[in-house]
Amino acid sequence: MSGVRASALPLAGVERFRADLTAILGRPFADGEILALAVSGGADSMAMLALGHAAFPDRVIAATVDHGMRAAAADEAAMVATWCAGVGVPHATLAADRVIGPSDIQAGARAMRYDLLEAWATGAGATLLATAHHADDQAETFLMRAARGSGPAGLAGIRAHRALGRISLIRPLLGWRRAALRALVEQAGIPFVDDPSNRDERFERVRVRQLLATEPWLDPIQLANAAAHAAEVDGALADLADRLWHHHATVDEDMVRIALPEVPRELRRRVARRAIVRVRSTAAIDRPVFDMASNIESLLDALEAGKSATQGGVLAAAKRGIWHFRPAPPRR
């Protein structure tokens, strides 16, 4: 494969990619930084690979994860590696390091993929890891989470920028449409593959994608904009919850006490989740699973009624208007 194919990209597209990356970071991509790219071999990620290589020559690296779930995956990774070799982009194929159970294949594969990519990117000296999520992905995520009754954090969908272990995970294509990315690689003669799982109706995302394709009034760009608005709201609420925590929470080893003023339930929810996470971290509690998205409605109901409840291995109790959180005693 020749580097000419990357140079066949429209200059406006390359400049747009560079500007989008700068906007996400809030600063120019610094000299000496390395941008790691997660490239599956699909049209979206191959477009990102070509754009990244054209925008920041000699400053990008790429990796493809072989989940070990499809026979064709090795050939797809080899295709990406061959193209990268032709344009001088260092490439690694990351093999699955665990067996993914059948109960939730997509979630399990996603968790493993990010673990592998974070370790690879960090080891290679990269400061940023980019994935090729785009506006259509964002619209699908928004609809799926709206159907589940998600709040602002869930409706915010795919974040443009967040921490992933020791590096930053970024999505520079969130303003791009799937069709535009596919057209870009087709016109530049860049190879890509179509993952058959993207047509498997067993997966919720595929069914939502088909809905968007058949209902033109559901505009992916507007849905992505709605997700961006939800992200702004979520950020504002997170800031308020932070202030409440710093002013009203007392942390004493593995005990947390909170004397909250009258605030909306969403803020109480966030502060309570933070208290649970803090106690679990201090007491090294890792079972059952709990995170900042876990449902704690029954626990909140108990606290607001002056009662106690246990969740995530943490006992929460309300005493004279003060919430107390500590490790739950062992079961008899």
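The values are calculated or read from the model by the stated rules, or taken from the named source; none is laboratory data. Fair warning: this is a prediction, and the values are worked out from it, not measured in the lab. Here Cβ is always computed from backbone atoms with ideal geometry, including for glycine, and neighbour counts include all displayed protein chains. The area values use the complete protein model at the heavy-atom level, side chains included, leaving out ligands, DNA and RNA. Shrake-Rupley method; radii C 1.70, N 1.55, O 1.52, S 1.80 Å.
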Extension gain from Ala238 to Thr93, taking 0.36 nm per residue of separation minus the Cα-Cα distance: 48.5 nm
1/(1 + (r/R0)^6) with r = Cβ-Cβ of Ala179 and Thr22, R0 = 22 Å, i.e. FRET efficiency to nearest 0.05, evaluates to 0.35
Per its Cα gyration tensor (rounded if a/c is under 1.5, else prolate when a/b beats b/c, else oblate), the range 4-84 is best filed as prolate
Below 14 angstrom from the Cβ of Leu25, what's the summed charge of the other residues (Lys, Arg +1; Asp, Glu -1)? +3
To test your reading of the geometry: what angle, between 0 and 90 degrees and rounded to tens, separates the Cα axis of helix 105-123 from the longest principal axis of the chain? 70 degrees
Using a cut-off of under 12 Å, list every residue of the range 274-313 whose amide N is near the label point 7 Å from the Cα of Arg331 along the Cα-to-beta-carbon line. 288, 313
When the accessible area of the range 260-332 is split by element with a 1.4 Å probe, what percent falls to carbon and sulfur? 50 percent
Using the Cβ atoms and a cut-off under 11 Å, what net charge is assigned to the surroundings of Ala179, where Lys and Arg are +1 and Asp and Glu are -1? 0
What angle do you read, to the nearest 10 degrees and between 0 and 90, between the alpha-carbon axis of helix 220-248 and the longest principal axis of the chain? 40 degrees
Can you give me the % of accessible surface on the range 27-161 that is carbon or sulfur? Probe 1.4 Å, all protein chains present, nothing else counted. 56 percent
Taking the Cβ of Gly313 as the centre, find all other residues whose Cβ is under 10 Å away and add up their charges (Lys, Arg: +1; Asp, Glu: -1). +1
When the convex hull of its Cα atoms is projected in every direction, mean area for the range 143-254 (nm²): 11.1 nm²
Mind grabbing the base-10 log of I(q)/I(0) for the range 285-332 at q = 0.25, 0.26, 0.29, 0.30 Å⁻¹? Debye formula, identical points on the C-alpha positions, no solvent, two decimal places. -0.96, -1.01, -1.14, -1.17
GNM flexibility winner over the chain from Arg159, Arg18, Arg110 (Cα, springs under 10 Å): Arg110
Label points 7 Å out from Cα along the Cβ direction at Ala111 and Glu33: separation in nm? 3.1 nm
The answer for the chain, accessible area per residue at 1.4 Å probe in Å², is 51 Å²
Once the mean 1/r over all distinct Cα pairs of the chain is inverted, what Kirkwood radius in angstroms do you read off? 22.1 Å
For the chain, take the longest principal axis of its alpha carbons; what is the angle in degrees between that and the long axis of helix 73-87, to the nearest 10 within 0 to 90? 60 degrees
Taking r as the C-beta separation of Phe203 and Arg162 and R0 as 25 Å, the FRET efficiency to the nearest 0.05 is 0.60
Quick one: how many Å² of Glu297 are accessible to a 1.4 Å probe, rounded to 10? 50 Å²
